[in-house]
Amino acid sequence: MLHHRARQGARHHRPAQEAKLCQAIAEVPARVAEVLNHDEALQGLARKLVKARDVLFLGRGSSYPIALEGALKLKEISYIQPRATPPAR
């Protein structure tokens, strides 16, 4: 089903590109689990951020929407005023 929907939205992609995109989407749950398995590192980062008043999320290209989402999530759970921006070129 996911593969079918990906094909509908990306008719201009070649079959090799479609297969690569579908594989990347299929890997997302494993990648998320991999990131979340770093409890000690995340706790260390949280200790540093707890005293922050401002946080800057940088993202270039396809990472920019991820930076925007990260800033939004931090704003939703804290009193920190995050900001997302593309880095200077």
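Some notes on this structure:
- Pairs with Cβ under 9 Å, 6+ apart, first in the range 40-61 and closer than 26 Å to Ala88 by Cα, second exposed (fewer than 12 other Cβ atoms within 10 Å of the Cβ) and of a type outside the set (D, E, K, R): Arg53/Tyr79; Leu58/Pro87; Gly59/Pro65; Gly59/Pro87; Arg60/Pro87
- All positions within the range 65-89 that are more than 15 Å from the chain's Cα centre (by Cα) and not in a strand (DSSP E or B): Lys75, Glu76, Ile77, Ser78, Tyr79, Ile80, Pro87, Ala88, Arg89
- Residues within the range 48-61 that are part of a helix (DSSP H, G or I) and at pLDDT below 90, tallied: 2
- Test: residue in the range 7-27 that is at pLDDT 85 or above, assigned to a helix (DSSP H, G or I), under 27 Å from Ala88 (Cβ atoms) and among the charged types (D, E, K, R): no
The values are calculated or read from the model by the stated rules, or taken from the named source; none is laboratory data. Quantities reported herein were computed from a predicted structural model and do not represent experimental measurements. Backbone-built Cβ (ideal geometry, glycine too); neighbour counts: all protein chains shown.
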